[in-house]
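Read through the structure below, which is laid out as structure tokens, and then see the notes.
The values are calculated or read from the model by the stated rules, or taken from the named source; none is laboratory data. For clarity, every value in this text was computed on a predicted model and none was experimentally measured. Neighbour counts are summed over all protein chains in view; Cβ atoms, including those assigned to glycine, are modelled from backbone coordinates with ideal geometry. Side chains are part of the model used for accessible areas, which takes the heavy atoms of the whole protein and leaves out ligands, DNA and RNA. Shrake-Rupley method; radii C 1.70, N 1.55, O 1.52, S 1.80 Å.
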Amino acid sequence: MNRRDFFRLASMAGAGISAAGLSGLVRAATPAQLGTVPTNTGIKGRVVVIGGGMAGATVAKYLRLWGGAGVLVTLVERETSYASNILSNLVLNGQRTMTSLQFGYTNLATRYGVGLVKGDVAAIDPVGHSVTLADGRKLPYDRLVVAPGIDFDTIPGLETAAAQAKVPHAWKAGTQTTVLRNQLLAMKPGGVFAMTIPAKPYRCPPGPYERACVVADWLKKNRPGSKVIVLDANPGITAEPLAFADAFNVVHRGVIDYRPGISINSIDASTMTLNTSAGNLQASVINAIPAHRAGKVVIDNGLANVSGRWAGVDVLTYQSTAAPGIHVIGDASATTQPKAGHIANQEAKICADAIVRLLAGRSPDPSPITNSACYSPITSDTASWLTAVFAYDPVSGSMQAVPAASGEATARSQDNYKEMFKWFNALMEDSFA
Amino acid sequence: MNREITRWRALLWLPVALASTCVAAQTTTAPPAGRLLASNCFQCHGYDGKSRIGFERLSGESSNEIYKELREMRAKSKPDIMDMHARGYTDAQMRLIADYLATQKSTSSTTAADVKTSKKSEKKESKS
Ligand SMILES: Cc1cc2nc3c(=O)[nH]c(=O)nc-3n(C[C@H](O)[C@H](O)[C@H](O)COP(=O)(O)OP(=O)(O)OC[C@H]3O[C@@H](n4cnc5c(N)ncnc54)[C@H](O)[C@@H]3O)c2cc1C
């Protein structure tokens, strides 16, 4: 960025790009199937969204589609584009590249008139109704949506950047995903790939098991004799128990060694040794996924009122139970729903709908429903799936799984594997396009 | 990466207008019934059911067709992913979803013929 660009950016402070300024463009540029921003809803307000991930991108888009041109939405995101976690396990076996998992923000601006600000939100002022960016810029809001995803605890022994680069989590898609892919490529036949799974709640319950399968499948074909040792802090498989029990005991038998109920005390990156509740273990590659907590901006601004890690919310509006006017959606919130991209997208729609109603002086929808669908690759050409539907329960004030609608595929299949890409493309379009 | 940066920069040229705040009067119309419920479909079936790249296109079908399909799915003994999903909604909710989707007309860029073709290829694919 040159000096002129920097000043242009700086002059945006406090405004974002006006949504209203773009409304002329909106109708011209939106393919009809993707929806247009109405101009005549009569609803007005300024909404700032922190974080342009699965939750933040979706809420920004739907606030405009459902709120209309009078709802001015400014999306603050620290990265230039979004790197999808979903499908990032397929970077490890070379079926996808990180480049193919990048999603830009241009569509949100040109099609829906979402104002974009590239920056890192440092502080929230719930009384003065504004957020302050790390570079000092201030953005005022009437309603704030916080969607920063998660951050990680530090595993003892992995305090330095060098140690973290040697023992990646690759649980936020990006550089670390590529590092882990390269470590796999550098493995010799007969090597040990050790991965650790933190105690619930963590993002994408089936994700670590899916990764174990994808890696095992690749090692079998490319580094024969190698093993995947899975150290799970949970007492058993936390999602798709049928599919993964079959994967561990049948499909990848002798390659995946699944060990539940094991926690990690520390990791020595120089000797590549894990110190666990079941003794020491040495490995050629260590993929350690640390325990999660809500993104820093939630913790730093007093919104993490559930076990000091997660933001408590009212699931009718996703309004924080710690501060009025602030909504928290996606992985950062504490709800009964899994931390997943599909769910984050649906939470965002409930939140957008609620904000639009609140701005119009109405009450939120009293009986929202959310859903989750997820495909998990078991080999390089078969996948399983899971689904869940959650309905609002007024007695407990929480989203409760509808048992009949929650379950998993009876068997992995090649059809499921193909459908996985259709599902991914559609979900990403609903969120970013 | 560079292309993305250029895009961000290009966006910064767009006019800046400060918004004034005011809470809307009660003159606004209520959100359409069933819209929030139906948005559970959009992740896979596209905005307002107007799928282009995902699963079966829903807009263009009548309310009764959608309602009937959902109920049939719910009753399947060997549920696939959508059959399982359908079990999460009551009759009344299915009706609201179907009514909302049926009012989202097929758009000019998609003819009735396109809709039929995309449905056919969908069915073929899921059989193969
Ligand atoms: C390997 C893996 C596989 C997965 N597979 C699936 C799957 O198959 N299906 C599924 O449904 N889910 C899956 N998930 C889970 C899914 O990725 C997350 O649940 C989802 O991304 C959560 O969305 P979010 O918006 O809360 O957070 P994120 O998508 O992480 O987005 C947060 C955004 O906020 C930005 N941000 C954070 N703090 C700030 C700040 N202070 N200022 C500005 N910007 C900020 C970040 O840069 C980021 O862009 C998977 C996850 C992993 C790791």
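General remarks:
- Two-site FRET efficiency, residue A:154 against residue A:79, from Cβ-Cβ distance with R₀ of 25 Å, rounded to 0.05: 0.70
- Taking every residue in A:54-62 and counting other chain Cβ atoms within 10 Å of its Cβ, the average works out to 1.
- Taking the longest Cα principal axis of chain A as reference, the axis of helix A:207-222 is set at about 50 degrees.
- Evaluated at q = 0.09 Å⁻¹: base-10 log I(q)/I(0), Debye formula over Cα of chain A: -0.58
- Gyration tensor (alpha-carbon) shape descriptor, region B:32-113, a/c threshold 1.5: prolate
- Within region A:126-251, the ratio Rg/Rh, alpha carbon atoms throughout and Rh by Kirkwood, equals 1.10.
- In the protein assembly as shown, the calculated helix contribution to ellipticity at 222 nm averages -10500 deg cm²/dmol per residue, counting -39,500 (n - 2.57) for every DSSP H run with n ≥ 4.
- Inter-chain shielding of B:45-57 (mean C-beta neighbours from other protein chains, 10 Å cut-off): 5
- Gaussian network model of chain A, springs between alpha carbon atoms under 10 Å - residue of A:320, A:277, A:372 with greatest fluctuation: A:277
- Proximal charge balance of residue A:328 [Cβ under 11 Å; K/R count +1, D/E count -1]: -3
- Calculated from backbone phi, Karplus (6.51, -1.76, 1.60) coupling profile of region A:389-404 in Hz, x at Gly/Pro: 10, 10, 10, 5, 10, x, 5, 8, x, 9, 7, 10, 5, 7, x, 5
- Nearest-0.05 FRET efficiency for residue A:367 and residue B:105, computed from C-beta distance (R0 41 Å): 0.90
- Among A:160, A:97, A:317, residue whose mean-square fluctuation peaks in a GNM of chain A (springs only between Cα atoms under 10 Å): A:160
- Ligands, DNA and RNA excluded, the heavy atoms of residue A:422 present near 30 Å² of accessible surface to a 1.4 Å solvent probe.
- The dipole here belongs to region B:32-113: it is taken about the Cα centre, uses +1 on the Cβ of Lys and Arg and -1 on the Cβ of Asp and Glu, and is about 80 debye.
- With 0.36 nm allotted per residue and the present C-alpha distance subtracted, the residue A:182-residue A:296 stretch has 38.1 nm of extension available.
- Report note on the peptides B:92-98, A:346-352: ranked by the mean count of other C-beta atoms within 10 Å, highest first, their order is A:346-352, B:92-98.
- Helix A:414-432 and the long axis of chain A differ in direction by around 30°, with both axes built from C-alpha atoms.
- Subset of A:188/A:221; A:172/A:349; A:61/A:349 violating a 19 Å alpha-carbon distance limit: A:172/A:349
- Taking every residue in A:138-145 and counting other chain Cβ atoms within 10 Å of its Cβ, the average works out to 1.
- Nonlocal amide H pairs with residue A:149, under 5 Å, H built at 1.01 Å: A:295, A:331, A:332
- Dipole check for the protein assembly as shown: with +1 at the C-beta of Lys and Arg, -1 at the C-beta of Asp and Glu, and the Cα centre as origin, the magnitude is about 1180 Debye.
- Computed from backbone phi with θ = phi - 60° and the Karplus coefficients 6.51, -1.76 and 1.60, the 3J(HN,Hα) list for region A:224-231 is x, x, 7, 10, 10, 9, 9, 9 Hz; x is used for glycine and proline.
- Near the amide H of residue A:88, within less than 5 Å, lie no amide hydrogens of residues on another chain or at least 5 residues away, with H placed in the peptide plane.
- Looking at region A:52-186 alone, DSSP beta bridges between its own residues are antiparallel in about 70 percent of cases.
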